[in-house]
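Structure record follows, encoded as structure tokens.
The values are calculated or read from the model by the stated rules, or taken from the named source; none is laboratory data. This one's a predicted model, so the numbers in the text were calculated from it and none came from an experiment. Note: ideal-geometry Cβ built from the backbone for every residue, glycine included; neighbour counts use all protein chains shown. For the accessible areas, the whole protein counts, side chains as well, though only heavy atoms, and no ligand, DNA or RNA atoms are used. Shrake-Rupley method; radii C 1.70, N 1.55, O 1.52, S 1.80 Å.
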Amino acid sequence: MPPLHRVGIVQFPGTNCDLDTWEAVESIPNLTPVFLSHRDRRVPDLEAVILPGGFSYGDYLRTGSIAAKSPVMELVGDLAAAGVPILGICNGFQILTEAGLLPGTLLQNSGRTFLCREESLVIENCHTPFTSLFEPGTPLTLPIAHQEGRYFLDPDQLHELEENAQVLVRYARNPNGSLREIAGVVNKRGNVVGLMPHPERRVRALFGKPDGLLFFQSLSLFLERQLLHSSASTS
Amino acid sequence: MERIKSLLGRDPNITEEAVFSALWSEHCSYKSSRIHLRKFASKGPRVLMGPGENAGVVRVTSGKGIAFKMESHNHPSYIEPFQGAATGVGGILRDIFAMGARPVALTNSLVFGSLRQPRQMTLFRRVVSGIASYGNSIGVPTVGGEIWFDERYSKNILVNAFALGVVDEDGIMSSVPPQKPLLAVYLGNKTGRDGVSGASMASRSFSGSDSDLRPQVQVADPFVGKKVMEATLRIIREGLAEAIQDMGAAGLTSSSVEMASKAELGIEIDVAKVPLRDNSMEPWEVLLSESQERMLLLVEESRVNKILDIAQESQVSGTVVGRVIPEPVFRVKKEEDVFAEIPVKYLTDDAPLYDRPSDSRTSLLSPSLAFPPSEGGSHSIAALFHLLLDHPNGGSADWIFRQFDFEVGTRTLLPPGHDVAVIDIRAEEHAVAIALSGFSHPLTRDPARGAMLLVAKTVTDLAAVGAWPIGLTDCLNFGNPERPDTMSDFILAVTGISDAAKRFGIPVVSGNVSFYNETDGLSIPPTPILATCGLVRDKRTVVPGKVSHPGLYLGLAGSTRDLSLGGSYLDWILQDQSAPPVPGIDWEALEGLQTFMSTLLADRRLRATRAIGRGGFLRSLLQLVAGDETLGVALKLQRLEDPLQTFFSEAAGRMLVAYDPENSDSILRTSLEFGVPFQRIGITATHLWNIRYQDKDGRSKEISDSPVQLKRRFFGSLTDQMEDLP
């Protein structure tokens, strides 16, 4: 029986993609999901953390802003600093930018309405724990479901982001006015990832093309490799 | 008032008068409709909970049930469209989780005036936004919806919301308490002045000077709604409550009085204990407030602390506000002072019950009148088809669907844009299909036959995915019941729905009546909106309502015995003065079609299916090939006696199917075996829209068009009007 890797899934009041994310993680044989409360400051043995989508704190004040100040984000910040893989999906992405763990911000869609539909995407950075199984340039289809998904940051930072190959994935056709069609980014270190599309909604074949599965399988592979390295270095 | 005085034997005080006014309102008492609603057959082997509960519950498989209901929120949405629509969604969700069911799907039917009026544009935009905001935020997918624009609804828009939840059979909660000492626990949002007397407002007609009604509309808070939902479901799961009802219309008053009345007990409420946003509220305001996101629980004393702990953990208010008492009275206290004391019976059983006069019209069986033959030429068929597509009523509703998060929860197997929405209920391989039908035009032509047609349409839609109807809920939107013609329409429509549902063996398990959809003396057309739920035995057999591949065969199945145009979309848009008859229903053929479709689907012999619905054959055909922009059809039809009827009738029980050529022979054989009329009509083809047929004199006719252009019309007619930004 290979060891199971513990993947924390953060539940803020108002998070609503937590169960879907749980099921996606659970569908990968060597990953085991663990719910984290917004109050948790210390949880042992987490090897990755996912911030699922939803409307944390009812989107009051500004999307993600209240959640970014909650106790569990201290834990997430510490883990991010230690190089643990962190993935924010949709509202989770918004929270990571509010917490300063990812560059940029997500503004209201240029069409000013909520948008729920499938989008064609192109993946660019395949060196993160969540995308290592993709080939750069792979086209994929994932659903978006958000009202605040327009990625924005100032020109200097944008330049830096592009220079460092921190753009993870782009829309084939811009749905929301994001700068440079950006749909997902990664931090400089390469362990904190934010995605507006929802990979957890496409892990089963019954349900459209299962293009989201590889994100979770990539994580599994990354954690297995890490295990191999650490056991090699300790032995 | 006289009636109240004679019942009490004294003058009521202000609090008592307010209580009577709310509970005797049409909205709460169903005083004009109750005697007619008894026609509905609500029993059946699958029915676990019928009318009278927060929502009906129907068994889908051993140990699992679905709870569902539809409700109107018409009046509030006209006054404040965003909040009115959002609270409509919140209210129907509370009805579902009050039964112990976890909501897994929402849908809606919306009717507005013409979009040419800026006011209607705003109402429409804000209603859609309100619905989306509540569903998206609370995390329940909005899996579909219907829209209709019609001048006659300019002053009385309709916003009907439907919700469905999944419940374990042994976890069903009720609003009927057992006969033992119980405490009343308040759970949820604090009470404010919003929505005070909303039920009375919704029970009257609007007039020109209604600018004072805004405070009577409630404000939605889906964030609190989610917390209340999770807390309530947990309380039920842990078996802590004896009875639950949501505080909807007439708030604390109706929930407490109704629950007590069902157990033939009394209830005492201390308004001083109710959590308030504004401490200066009078007792009658507290009683009648319709602040949202509140539940009333009847519980045993020993379990109160556990419930209050859950409330605190969930960050919502929880407090004991009263108790069930043996003497059957509704007593309102504020600390030691008694503000009202009314026998419960006076408020419920003794509420006025009217058998309102109706005019003696029986079902209108209009003479059969076809369209003038001059319109039967092929040129005019193409032109008529364009006319249908260019109106927002004939266009794609994609503009609303994309504002709904239709797949949060990842149970949505068929998203919006097909005949039905299909939801995975995660019980064996079962899924539930939801078919909506709320097109009023057939009822304008003939209320009884029109109502039957609506039921038959939902049955046909369900057959498209091989689903068998197991339960129906309805929302009956009508004008002023004090008018005999409205009352007559109402009785005919109820009879039609009831007869058709009985014929198919579908129990009517829940529903709602909305009267007084009238402004300045003008009523809306009779508009019942139905939602029929169907059971799909194996979710893996479900096929979509559209294809994207060329080279697939196309077939047409079902009875063509009566293809009258009465009540169709074409009839509506042409405003035909000859008033063609509403098509009758070929019951046996429709039953045959159900079996035929489920057999073919179970054998995986079909690639896509589309019931012929709004707009008729051509519009449904276009939707069937909507999977790819350039995909069209090449059809060759038999001789058509009446091309207009073939192409535009909306008679129930016709189905378009797409399949691989190798299944062609076997499908034909099955159709003969089941005695279902079936013909292969053509093939899907890229960049082609070509339909050949012979008219009744044997002359060859041809309709040619560009599929890309047709789809541009179809997808653009609503979206282009609504999008003001690139």
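The figures follow:
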quantity	calculated
Residue-averaged 222 nm ellipticity for chain B, from DSSP H runs of 4+ at -39500 (n - 2.57), nearest 500	-10000 deg cm²/dmol
Per residue accessible area in Å² of segment A:5-234, where ligands, DNA and RNA are left out and the probe is 1.4 Å	40 Å²
For chain A, built as a Gaussian network whose Cα springs stay under 10 Å, the top-fluctuating residue of A:THR97, A:THR128, A:THR113	A:THR113
³J(HN,Hα), Karplus 6.51/-1.76/1.60, whole Hz, each residue of segment B:645-657, x for Gly, Pro	5, 4, 7, 10, 5, 10, 4, 6, x, 10, 9, 9, 10
Rounded FRET efficiency, nearest 0.05, which uses the C-beta distance separating A:LYS209 from B:SER578 and R0 of 51 Å	0.50
Cα-Cα over 22 Å, subset of B:LYS5/B:LYS334; B:LYS31/B:LYS69; B:LYS31/B:LYS502; A:LYS69/B:LYS227	B:LYS5/B:LYS334; B:LYS31/B:LYS502
Highest average packing first - B:469-475, B:626-632, Cβ atoms within 10 Å	B:469-475, B:626-632
Sites B:ASP355 and B:GLU335, calculated FRET efficiency, Cβ-Cβ separation with R0 60 Å, nearest 0.05	0.85
Estimated distance in nm for a label pair at B:LYS43 and B:ASP170, the labels positioned 7 Å out from Cα along Cα-to-Cβ	2.7 nm
Distance between modelled label sites at A:ARG42 and B:GLN694, nm, 7 Å Cα→Cβ extension	8.9 nm
Segment B:678-726 - Rg over Rh from alpha carbon coordinates, Kirkwood radius	1.18
Point-charge dipole on Cβ atoms (K/R +1, D/E -1) for chain B, about Cα centre, debye to 20	1360 debye
Electrostatic dipole magnitude of segment A:5-234 [Cβ: Lys, Arg +1; Asp, Glu -1; Cα centre; debye, to 20]	280 debye
Segment A:5-234 - convex hull of the alpha-carbon atoms, volume per residue in Å³	116 Å³
For the pair B and A, total buried accessible area rounded to nearest 100 Å², probe 1.4 Å	2300 Å²
Rh (Kirkwood; distinct C-alpha pairs) - chain B, Å	26.3 Å
Charge dipole (the protein assembly as shown, unit charges on Cβ, about Cα centre) - positive-most of B:ASN480, B:HIS441, B:GLY613	B:GLY613
Most mobile of A:LEU61, A:LEU213, A:LEU107 in a GNM of chain A (Cα contacts under 10 Å)	A:LEU61
Cα shape, segment B:1-146, gyration tensor, a/c 1.5 rule	oblate
Amide hydrogen neighbours beyond the local backbone of A:THR15, cut-off 5 Å, H modeled	A:PHE55, A:TYR57
Linear extension gain, B:GLU17 paired with B:ARG669, 0.36 nm per residue minus alpha-carbon span	227.7 nm
Drop in accessible area of at least 10 Å² in the complex versus isolated chain, residues of segment B:116-153, 1.4 Å probe	B:ASN136, B:SER137, B:GLY139
Candidates A:ASP45, A:ASP156, A:ASP78, ranked by Gaussian network fluctuation over chain A, Cα under 10 Å, top entry	A:ASP156
Farthest positive-ward along chain B dipole, Cα basis, beta-carbon charges - from B:ALA651, B:VAL140, B:THR87	B:ALA651
Linear extension gain, B:SER6 paired with B:HIS386, 0.36 nm per residue minus alpha-carbon span	130.4 nm
Partners for B:LYS636 among aspartates and glutamates (Cα-Cα distance below 17 Å; same-chain residues under 8 apart left out)	B:ASP695, B:ASP697, B:GLU702, B:ASP705
Prolate/oblate/rounded label for the protein assembly as shown (Cα gyration tensor, a/c 1.5)	oblate
For segment B:256-363, size of Cβ-based charge dipole, Lys and Arg +1, Asp and Glu -1, in debye	240 debye
Shape call, segment B:380-456: gyration tensor on alpha carbons, a/c limit 1.5	oblate
